[in-house]
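Reading through the structure tokens given below for one structure.
The values are calculated or read from the model by the stated rules, or taken from the named source; none is laboratory data. Note that the coordinates shown come from a computational prediction; the quantities given were computed from them, not determined experimentally. Methodologically, a virtual Cβ is constructed for each residue, glycine included, from the backbone with ideal geometry; neighbour enumeration extends over all protein chains shown. These accessible areas exclude ligands, DNA and RNA; they are computed on the full protein's heavy atoms, side chains included. Shrake-Rupley method; radii C 1.70, N 1.55, O 1.52, S 1.80 Å.
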Amino acid sequence: MQQMVFSWDNVVAGNGVAISLSGMSIVFVALLLVSVYIALLPKLAAFCNKIIPPAAHHHGPVASAPTPPASSAGASEAEIVAAAVAYLHKNKG
Amino acid sequence: MQQMVFSWDNVVAGNGVAISLSGMSIVFVALLLVSVYIALLPKLAAFCNKIIPPAAHHHGPVASAPTPPASSAGASEAEIVAAAVAYLHKNKG
Amino acid sequence: MQQMVFSWDNVVAGNGVAISLSGMSIVFVALLLVSVYIALLPKLAAFCNKIIPPAAHHHGPVASAPTPPASSAGASEAEIVAAAVAYLHKNKG
Amino acid sequence: MDILLHFLSTTGFAEMTYGNFMMIVIGIVFIALAIIKDYEPLLLLPIGFGAIVGNIPSIAGMPLSVYDEGSVLYYIYFGVSKGIFPPLIFLGIGAMTDFSCMLSNPKLVLLGAAAQMGIFITLIGAMFLGFTPAEAGAIGIIGGADGPTAIFLSSKLAPHLLGAIAIAAYSYMALVPVIQPPIMKLMTSKKERLIRMSAPREVTTREKVLFPVGAFIITALIAPGSLALVGMLFFGNLLKESGVTERLAETARTGMIDSVTILLGFSVGASTQAQTFLTPDSLLIFGLGAASFCVATASGLAFAKFMNLFLKDKINPLVGAAGVSAVPDSARVVQMVARDEDPHNFLLMHAMAPNVAGVLGSAVAAGVLWSVLGL
Amino acid sequence: MDILLHFLSTTGFAEMTYGNFMMIVIGIVFIALAIIKDYEPLLLLPIGFGAIVGNIPSIAGMPLSVYDEGSVLYYIYFGVSKGIFPPLIFLGIGAMTDFSCMLSNPKLVLLGAAAQMGIFITLIGAMFLGFTPAEAGAIGIIGGADGPTAIFLSSKLAPHLLGAIAIAAYSYMALVPVIQPPIMKLMTSKKERLIRMSAPREVTTREKVLFPVGAFIITALIAPGSLALVGMLFFGNLLKESGVTERLAETARTGMIDSVTILLGFSVGASTQAQTFLTPDSLLIFGLGAASFCVATASGLAFAKFMNLFLKDKINPLVGAAGVSAVPDSARVVQMVARDEDPHNFLLMHAMAPNVAGVLGSAVAAGVLWSVLGL
Amino acid sequence: MDILLHFLSTTGFAEMTYGNFMMIVIGIVFIALAIIKDYEPLLLLPIGFGAIVGNIPSIAGMPLSVYDEGSVLYYIYFGVSKGIFPPLIFLGIGAMTDFSCMLSNPKLVLLGAAAQMGIFITLIGAMFLGFTPAEAGAIGIIGGADGPTAIFLSSKLAPHLLGAIAIAAYSYMALVPVIQPPIMKLMTSKKERLIRMSAPREVTTREKVLFPVGAFIITALIAPGSLALVGMLFFGNLLKESGVTERLAETARTGMIDSVTILLGFSVGASTQAQTFLTPDSLLIFGLGAASFCVATASGLAFAKFMNLFLKDKINPLVGAAGVSAVPDSARVVQMVARDEDPHNFLLMHAMAPNVAGVLGSAVAAGVLWSVLGL
Ligand code: NA
Ligand code: NA
Ligand code: NA
């Protein structure tokens, strides 16, 4: 804080109005473009569905439904152990 | 470690006894005050209950009971979604 | 990257072949020793069981079975609280 | 005896000032508000306790405070002073936010832009009061009603005011249910408050996945200074919506955000030493902050009414007040005020749209202010 | 008006290059592959989003990128550039890996050594193409098929190539199900692919506890450069197997590894700025990386066939292909290819042995290369 | 061939000393004690494995150890060497500790003060043996029976002894069930051991919330040097008791404390390189540490008997032994010894009061010693 004199001169010196107007415009432009993008999303999604039909999804035909929790390393570990246990049981019996 | 001569002189030179006595006193004073504070806690709690009666608690009249888990952003998200789902169901039917 | 001339000379200058051969040997030796260690593990485990018989385990006689989840500070806290609750109930009745 | 005197001279009692005492009382008040009134407890409580810690007078020569290089608090505060914690908080927020409300009603996004007027009017006000342009920018961002954004920008533009700005931002965010309703009632007619809005459409998974990627590119290109904040926000959201990285999203919205919240709140609190905090500047900042919240609320309401001039399907103008972020409190306030008029009017979901758009809007504003005032 | 022009000059549009655009597209492709094809999504998705973030042009003078000291991304990338994140990931991997498969079948460990041939052949190839020895070592490690190991060694030997090497390593790891099957079918006869292997024996708790301690001492003494990586790997495994530190193991394999994965993937992605990334070197690195995966697969298969010359109880040579780590994808590929011939042949557990041995093998190789080329 | 020789010269075998070998054996013993005897496994196991890692001889010129700037272990050890980890551990301890036992019986708090005599007697002993005052203070704190406190103070007063002090502190904490019972039986009569204590009263939520705030202010004002430790301890406790920040408390007592415990234990272990650790100093420190635990136990018992001279409602003097912190092991030992005489005497809850008071007492002592000896 420089000199603590309440004055409109400070605003002029600091280009306050110009900064505010331009800043506000940029924020508006940004959110306007986001809003336009959102409005176009259904079309974009439809276009994507055309190039990569949901059925192309290797999990099966229900691609646009939320996929199940990530097949993480931890989870797959569990799968493997499960597979192994099943295997051991089969080969022992 | 300086010279590794076992000697009482080291203790004298280092003010060992004074440090220990004062140190121990401070620890005692600190815990004694904490102990006094604890002894006064029931009165302090009663006093607080007077200025801010438990009923003032916006969760309802059971203020001195443990409040439910924090209404965190995550949880409130869930609330909102629940509210929205309920709303959509109503407005669709 | 120095000069981008594709040439066997680079490999010779960098000792590439020697590095590769020695590196590969070290990797093999390391995994070979690990493999030998694994092969000896059942004997080592038996030897350990001799010096520290599983029954020496303070949790009881089932030492070689997986022990239950760590008796962590948190968990022990719970134990203590449980013990205390039990105690309070007994002494009150 | 000398030793005991030396000991006594190193106790906090010797150096305790009236200012420290006042700050400790303020810390206790914050904790009380968090517990009794449930005002943003996840932040007010850590900040309150931190304020107590930071105002225990430190001993000359001992590195204890957040400002003493080498102290424990210094290293914790590093995440604040370098602006590292705010983007990590945004990562967690992204991973817990469902943008559906916004995707189903894109025009409401503009309300999130309008409410940022609070930032820029406050900037002019701060300049008028004699703050330097950089300081004025950092103070203005309080009007964004976003704690992490305010901390991030302050750390870049005016580190010496960070404590006051952060405390002001969080305090007013906590007070949203007190500040907003009178303005909302003043600026809207009963008829307007009764407007019902149609149910938002359902959004597909594909759209939810496409949104964070595209929206990030747009906002970051327009305001590269907001890169870290909006990058993490949309990255967290993509982790959530992708359906293939659920375990990462889960960690981002639990362990990670909680750890960072603890360390951020505590160390921001501890940065409010009376010696640097109790200044006329801080008072002015609190005053400007209050003004900025009012201006932001009013701008959101006014713009909603302005939009209604052109729309067939009218917006309930109350929803404009949710354009100040303060997620999700200001959306709840909208719901509450609307329900006061008509118990069957559910505006919560509609209010969430400008609410999350406001987060984006203030992050963009922060990026713009940093690039213009920080160089 | 000047201000507005200045604003415009600070938007990303002004500085956007064709290269940045291309990298953003690549980032989107990574995300798409992660989501649609489920290729290593926990890494490809963060890297992809990071690549988009890293290619938003930054403003001159504003610290934004991972390379600008003081930026948020710089501090996050610190864990990559100093090689801190990879050992922490190995800690979590150790805490989630069950080494039983390997303990019950020690001879399969050698297959994990054989597959490291890919590393050393690629090293020679990289030298041939004109890379310096240190660079060649870092490029060679791509053949180890282990992201963290590749990042660790690159950070030590060739930090300027880290982005390209990391991306190549993770890309090819994701493509293991595409790269390996043709080579496996080419190099084995139908009769070989039909070999069944006997069920592995059960391993006692004592053995599981003794393993990480002894195996660590052996590998670290032989290659001290691998200390941090194998130390953390076996430490994590001991936390898991000891039975008395379950809560630590749980945190290591959830919150810790997830947090590090998020930060590592995102910041590695963000390090791929077109200006430093889109070079002929990167192209060569991708070519060499592809070759190294093929050589590694072939070496594993060949060595398995070689071992069969001496063994009574034959190994199914497909199992050799799992010697390239890429845990657990390459083990799954083995299972899949074997099942194509005989639906009742379960090789998954047998393939896991060389698979985890391969992790160890490439960490040792990294340690050796660091000590020889890094000094 | 040269290369191979060079390789061999970089293996650990070449540089391995007898001391390293001994330390590795000690590390294995620690792990064995943790697993077989269940002695403080959450710390002994990481320390043990760390000791093995730290004693793999490092290669000249390669940054591997905790002491080599730029190595991975160096960055992990940073949290130890700057004293950052101990307060974070205290945060978690605060978030898991129920202070009810202490609140319902405030006079027992003094026993937690009495047991700190072990610290100050040991300090004199260490000076007598020729340690500098600062070193003597750091050694004395072993008698506080609190690992984090010992590490914190050592990092400030005598970083070169940190490894030995930390290991001594944790070793004896683990051995509490072995060290304390004989002293307890020696210093109390059968009649005293049979004393029953009345059930503690129930404590209200309000009291539990008021306690951490007030107790923090008192202790921090008296000993500002303990600010970081007691600040985090009571902050964690407030998170737990406030009822409005449960998610933060949950993270503090799970993910955060576990992560820090892993990194602290591992890197403290790795700091015990034979070259710096196996010195006569370390032996003396272990001797002094043992003495300090005995003195602390005896002081607690004696003070309890002294208090009984004035009290109508007698204390079972065994409870005094719990004044050495070592939470909750020493409280359990009290319970066990009391039950040996009378199976229906439940002292656990009463012993918890001096037990947690002892944590506070040694943190205050650490603060005092730092301010007097550290400047
Ligand atoms: Na906002
Ligand atoms: Na590998
Ligand atoms: Na203690």
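Structure notes:
- Dividing the summed helix terms, -39500 (n - 2.57) for each DSSP H run of n ≥ 4, by the number of residues in chain D produces a 222 nm estimate of -21500 deg cm²/dmol to the nearest 500.
- Its Cα centre serving as origin, the range E:64-180 has a Cβ charge dipole (Lys and Arg +1, Asp and Glu -1) of approximately 240 debye.
- Peptide ranges E:78-91, E:130-143 listed from the most packed, as the mean C-beta count within 10 angstrom indicates: E:130-143, E:78-91
- Point-charge dipole on Cβ atoms (K/R +1, D/E -1) for the protein assembly as shown, about Cα centre, debye to 20: 3000 debye
- Accessible area, probe 1.4 Å, largest first, for residues E:Asp258, A:Asp9, D:Asp38: A:Asp9, D:Asp38, E:Asp258
- Accessible area that becomes buried as A packs against D, both chains, 1.4 Å probe, Å², nearest 100: 4000 Å²
- Among D:Pro328, B:Ser35, D:Ala113 - extreme Cα towards positive end, dipole of the protein assembly as shown, charges at beta-carbon: D:Pro328
- Sequence-distant lysines (8 or more away, or on other chains) whose Cα lies within less than 28 Å of D:Lys305: B:Lys90, B:Lys92, D:Lys107, D:Lys185, D:Lys190, D:Lys191, D:Lys314
- Buried area at the F-E interface (accessible, heavy atoms, 1.4 Å probe, summed, Å²): 3500 Å²
- Partner shielding of F:125-137 amounts to 6, given as the average count of beta-carbon atoms from other chains within 10 Å of each residue beta-carbon.
- Local electrostatic count at E:Gln273 - Lys and Arg +1, Asp and Glu -1, tallied over other residues with Cβ under 15 Å: -3
- Span from the the range E:245-317 Cα centroid across to the the range F:270-348 one, whole angstrom: 51 Å
- Around E:Glu192: net Lys/Arg minus Asp/Glu count, Cβ-Cβ under 14 Å: +4
- Options F:Ala249, F:Phe306, F:Ile76, ranked by Cα towards positive dipole end of chain F, top entry (Cβ charges): F:Phe306
- Counting only other chain Cβ atoms within 10 Å of each residue's Cβ, the peptide F:106-112 averages 5.
- Shielding by partners, peptide D:22-29 (average Cβ within 10 angstrom, other chains): 1
- Computed about the Cα centre, the dipole magnitude for the range F:64-373 is approximately 900 debye when only Lys and Arg (+1) and Asp and Glu (-1) carry charge, each at its Cβ.
- Sequence ranges E:45-55, F:50-60, F:20-30, E:205-215, ranked by mean other-Cβ count within 10 angstrom, highest first: E:45-55, F:50-60, E:205-215, F:20-30
- Positive dipole terminus of chain E, leading residue within E:Val260, E:Val176, E:Gly358 (C-beta point charges): E:Gly358
- Spatial separation of Cα centroids for the range E:138-187 and the range B:35-55, in angstrom: 64 Å
- Helix D:72-81 axis, angle to chain D major axis (alpha carbon atoms, nearest 10°): 30 degrees
- Cα-Cα P(r), the range F:64-373, percent of pairs per 10 Å interval: 7, 28, 34, 23, 7, 1, 0
- Radius 12 Å from Cβ of F:Leu301, net charge of other residues (Lys, Arg +1; Asp, Glu -1): +2
- Packing, taken as the mean count of other beta carbons within 10 Å per residue, orders the peptides F:301-309, D:275-283 from highest to lowest as F:301-309, D:275-283.
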